[in-house]
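Step one of this worksheet: look at the structure below.
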Amino acid sequence: MLPPARRKRNLKQLNKILVVIDSFEPAQVLAKAMVMARHFGASLELFLCDSEHAYVLKHAYDQEGIERAREHCLANARSYLESLRRSVLADDVLISLDVACDSPLYESVVNKVLSSNPDLVIRSVTREQTQGRFSLDTNDWELARTCPVPLMLTHGRPWCAQPSFAAAVDVSENEPAGTVRLIMRAAEFLARGCHAELDALYSEFPDSAAANHASRVTALRDVGAVFGVAAERLHVLSGVPETTLAVFAAARRYDVVVLGALTHRRALTTLVGTLTSKLVDALDCDVVLVRAASTVAPE
């Protein structure tokens, strides 16, 4: 079980990055973490949790030797992280290591965040093919729901030499202005730290009231002015957002899109059908989820 709810931390500094390592694209996620660390002068902590062995040990009939097996599991995990750290061949970034053997994975990651206090978590997502399309697995959705700091989910596509950033915001009357500012603030911080330009995107349904269109364009311009986004980098799209935003982002070859995090309500069913969940599945680039809720959901 996760600890009681704690206040989330917005992305206002980037001194420490927690990199969740598994067998899926470890070199790719580490390479991206190194880019961020060098731009921001941040340290990295590589964290590997062997949740599969932990699950087996938790349900083992024979309790003898469980602790010995757990220690063997942790030793192997640490040895693997040591080899990853050696592969970096750089002494300009401080890299520490930690390992765990707990299940489920997302709880172990959140507990690590609460104890280690990073400013950002980076994880390479595990995409499962369901009904002909790819989607995140349960641990990724749960981590998106419960992670108390901004979470970067990487899809494996390498970044350009100069990463490009976009913020996807909802400037309609349905979205609190505070949420839009939170997303823009995080996106502007990341883009500026990487010496990159920032685009701001808004997509409205074709059947939206035409009378409100002008006010939404104005709202996007206003928020762009606050965060220093040039007028030519403000994009108002028309169409089903998860489709139009994904197509536009692919055409612009963004490396990272910043979104509002998923709902903090407990049930996984509350994530199904949300715009954020659809965008995370549809985008072919990495996403950073920033949480608008004032607390992390308790378990």
Residue list for the range 169-219, restricted to those being without any contact (Cβ under 8 Å) to a residue 40 or more places away in the chain and closer than 30 Å to Gly41 by Cα
Ala191, Arg192, Ala196, Glu197, Leu198, Ala200
Of the residues in the range 200-227, those that are closer than 15 Å to Gly239 by Cβ, at pLDDT 90 or above and not hydroxyl-bearing (Ser, Thr, Tyr) come to Leu201
Out of everything in the range 160-202 that is touching a strand residue (DSSP E or B) at 6+ places or on another chain (Cβ under 8 Å) and aromatic (Phe, Trp, Tyr), what residue ends up being nearest to Lys12 (Cα to Cα)?
Phe165
In this structure, is Val240 at pLDDT 90 or above and out of contact with any Gly (no Cβ under 7 Å at 6 or more places or on another chain)?
no
Check the range 170-182 and report whether any residue there is under 20 Å from Ile17 (Cβ atoms) and out of contact with any Cys (no Cβ under 6 Å at 6 or more places or on another chain).
yes
Residue ID - nearest to Lys32 (Cα to Cα), chosen from residues in the range 75-88 that are of a type outside the set (D, E, K, R) and within 26 Å of the chain's Cα centre (by Cα):
Val88
So which strands (runs of 3 or more DSSP E) stay within the range 104-189 end to end and still have 1 or more residues that are at pLDDT 90 or above and farther than 17 Å from Leu201 by Cβ?
120-124, 151-154
Can you name the residue in the range 255-286 that is within 25 Å of Val35 (Cβ to Cβ) and either assigned by TED's automatic domain parsing to the domain that holds Val121 or part of a helix (DSSP H, G or I) (or both) and, of all such residues, is modelled with the lowest pLDDT?
Thr276
State whether one or more residues within the range 67-89 are among the acidic types (Asp, Glu) and in contact (Cβ under 8 Å) with a residue 24 or more places away in the chain.
no
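The values are calculated or read from the model by the stated rules, or taken from the named source; none is laboratory data. Keep in mind that this is a model prediction, so the values were computed, not measured. With ideal geometry, Cβ positions are generated from the backbone for all residues, glycine too; neighbour counts draw on all protein chains shown.
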